[in-house]
Amino acid sequence: MVKENDRNFFGNHRGFSLVELIIVIAIMAILVGVMAPQLIKYIEKANVSADVQLCDSVHTAITMAMMDPEVLMVNDPTDHSKGQIDFLMDGDSHWVTQVGGPNSVFCDTVKEILGWNVFSSPDQREHMKSQPASASGALMIQATSGGSGFVIWIVHSDVTGKKADYAATDISNLTNEITNNGSN
């Protein structure tokens, strides 16, 4: 049984006033305004990390294909594998798409390892996650000094996910940094 005092306590309020609702909505809008940029920053950092992982995967696939006995022992004169590997390791920077082509056990092996065609620009962009990379990025490759390894990076993107047009022209700093820290 409800007492009279309880009925007055609960019965007087029929809902929230308009002022109370406006205050709550204003507080929520302020919270969303403060939190949304932070959330977007974390999402882009995750996308950039995925792009770094993509470069590592491509690096591993190319390395494995270069060491594959089937690739190294190709005797078919129409196969371009040996020329493609020499092209990659000549010390100049190249678009990864320049390496691909028909009649290549090397390219077929890389595609098989990755599960997609790294030598195609549309396929590359489909796998890039960060905003500038997926819009205009492309994979580049360059052998490190001495030809002991090679570097793969995405042009028009940096570690923060911001556009960096200098990435394609200023490779010497990137190569020196990677050579000093180990080739990857």
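The values are calculated or read from the model by the stated rules, or taken from the named source; none is laboratory data. These numbers come from a predicted model, not from an experiment. Cβ sites come from the backbone with ideal geometry, for glycine too, and all protein chains shown count toward neighbours.
Key figures
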quantity: Residues (over 25 Å from the mean Cα position of the chain (by Cα) and in contact (Cβ under 8 Å) with a residue 24 or more places away in the chain) located in segment 83-98; calculated: Asp90
quantity: Gly15 vs. criteria surrounded by 14 or more Cβ atoms within 10 Å (Cβ to Cβ), in a loop (DSSP other than H, G, I, E, B) and modelled with pLDDT under 90; calculated: no
quantity: Residue, surrounded by the fewest Cβ atoms within 10 Å (Cβ to Cβ), within segment 100-149, restricted to residues that are modelled with pLDDT of 85 or more and of a type in the set (Gly, Ala, Ser); calculated: Gly115
quantity: Pairs with Cβ under 7 Å, 6+ apart, first in segment 105-124 and without any contact (Cβ under 8 Å) to a residue 12 or more places away in the chain, second among the charged types (D, E, K, R); calculated: Trp116/Asp123
